[in-house]
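S.K.: Pasting a structure here, questions to come.
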Amino acid sequence: MREYLLTLCITAAVTYLLTGPVRKFAIVAGAMPEIRARDVHREPTPRLGGIAMFFGLCAGLLVADHMTNLNEVFEKSNEPRALLSGAALIWLIGVLDDKFEIDALIKLGGQMIAAGVMVMQGLTILWLPVPGVGNVALTPWQGTLLTVALVVITINAVNFVDGLDGLASGMVCIAAAAFFLYAYRIWYSYGIEAAAPATLFAAILMGMCLGFLPHNIHPARIFMGDSGSMLIGLVLAAGAISITGQVDPDVMNLFAGSERNAVHQTVPVYIPLLLPLTIIAVPAADLVLAIVRRTWRGQSPFAADRGHLHHRLLEIGHSHSRAVLIMYFWSALIGFGTLAYSVNSASMWIVLGVAFFSAVGLVLLLLPRFTPRAPRWAQAFVPPRYRRPRAASAAEAPAAATPRTAAVVAEQECPEEADGHRSPVPAGAASVNGATAIGGRSRFLDRRTSGSSH
């Protein structure tokens, strides 16, 4: 465990330290596209954060290769080298897309090629544990197709959910933490060395996300871009493939005792079929809904829009940070709930706990729909959004009644509502300010815009 934690910390440190220089490089290279109508941020923000994450991945694998115990993973398995090959290819495609906006079909082809590269080096699904049947051996073609499909689905699910500051990196970090605990339990408790590569991949993935998250939390100073979202999606898929199709369930020797006990004992065998799906359950649901929504409208499944789950949370009335935290909550509930069920599937407390926290999550999700108003005597102790609107005084009435002033203030506070749509902001270091690039953010209204004579 110490070596895994050391690998995680070094990966996070390298990613964190490189993100600042990568941000400056992205600004100089012009990797700051114009703001689109579906974007949430209001100022051009540099991309290419995946460069720092990729070098963090390389640092983590290099350090693990020189560890006393983790070195056996590289000696007994070719999976780390397969991961590095596929990650390098998908990262290169993502960097080109962040700078030049590659066509979606070309990116899809690159994802399939990266998955094929990993399959050629041995990172593939060899068999599937099917409940009630046992191990089902797959032919090379079946294993290849299933591996490529899982890689492509995971990459695009993570890419689709990357729409708010810190959302994708945080959700993948939570998923990787749940996956790490599961894989480590299989490796340590059952003594199955084949689970060691998946445990290493999960530790490195957590380090990549934790190192990048401080730069990407709202307000984001840099985006990971497709170079980062596709990269962490591929690493997540690689860990799922490794522990699903490489670990032999028969090695656990759980098929003993009565039929009822055998059903409960073999739950950890079947969890690998579900855990790779549950850890990306929220991004995968967003992906499916987006495809159905766009196809129903007669659009391409790859056409961008503002109908994702995080966009809908903002429309309900949640703030940017609260929408991200809600998505974190559901990812943690699904991932760690499945993990707890795999440890003790016979416990009713786990089921009741998951149901309770699901109800809490639904209440938090719909809270803006039922915003209460505090009584007059308690308004000093509650946040402003729960206070009753204050009546305008006689001195404030003329100013509040000026149509031009009200329009200007509304436009300054929410320009997309005033115009009905977002106006593209030109990219470039000369036209950006605030936390997302160079310079300071002005806290005062432009007097020329407001029409003030002073």
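The values are calculated or read from the model by the stated rules, or taken from the named source; none is laboratory data. This is a predicted model, so every value here is computed, not measured. Virtual Cβ from ideal backbone geometry, glycine too; neighbours counted across all protein chains shown. Just so you know, the surface numbers come from the protein's heavy atoms only, side chains and all, with ligands and any DNA or RNA stripped out. Shrake-Rupley method; radii C 1.70, N 1.55, O 1.52, S 1.80 Å.
S.K.: Quickly run through the stretch 65-95 and pick out the residues that are in a loop (DSSP other than H, G, I, E, B) and either modelled with pLDDT of 90 or more or open to solvent by 20 Å² or more (accessible area, probe 1.4 Å) (or both). I'd like the intermediate steps shown before the answer.
M.R.: So in the stretch 65-95, the residues in a loop (DSSP other than H, G, I, E, B) come out as 66-70, 77-78.
The answer is His66, Met67, Thr68, Asn69, Ser77, Asn78.
S.K.: Still on this structure, I have one more. Contact list please: Cβ distance under 6 Å, first residue in the stretch 163-176 and within 12 Å of Ser229 (Cβ to Cβ) and part of a loop (DSSP other than H, G, I, E, B), second residue open to solvent by 10 Å² or more (accessible area, probe 1.4 Å) and not charged (D, E, K, R), pairs at least six apart or on different chains.
M.R.: Within 6 Å, the pairs are Gly163/His308.
S.K.: Of the conditions (1) surrounded by fewer than 22 Cβ atoms within 10 Å (Cβ to Cβ); (2) modelled with pLDDT under 90, Arg47 fails just one. Which one is it?
M.R.: Here Arg47 meets the rest and fails (1).
S.K.: Ok, one more. For the stretch 75-86, enumerate the residues that are in contact with a helix residue (DSSP H, G or I) (Cβ under 9 Å, 6 or more places away or on another chain) and more than 12 Å from Phe201 (Cα to Cα).
M.R.: First, the residues of the stretch 75-86 that are in contact with a helix residue (DSSP H, G or I) (Cβ under 9 Å, 6 or more places away or on another chain): 76-77, 79-86.
Those that are in contact with a helix residue (DSSP H, G or I) (Cβ under 9 Å, 6 or more places away or on another chain) and more than 12 Å from Phe201 (Cα to Cα): Lys76, Ser77, Ser85, Gly86.
S.K.: Looking at (1) at pLDDT below 90; (2) closer than 29 Å to Ser342 by Cα; (3) open to solvent by 50 Å² or more (accessible area, probe 1.4 Å), which is the only condition Leu145 fails?
M.R.: Condition (1) is where Leu145 drops out.
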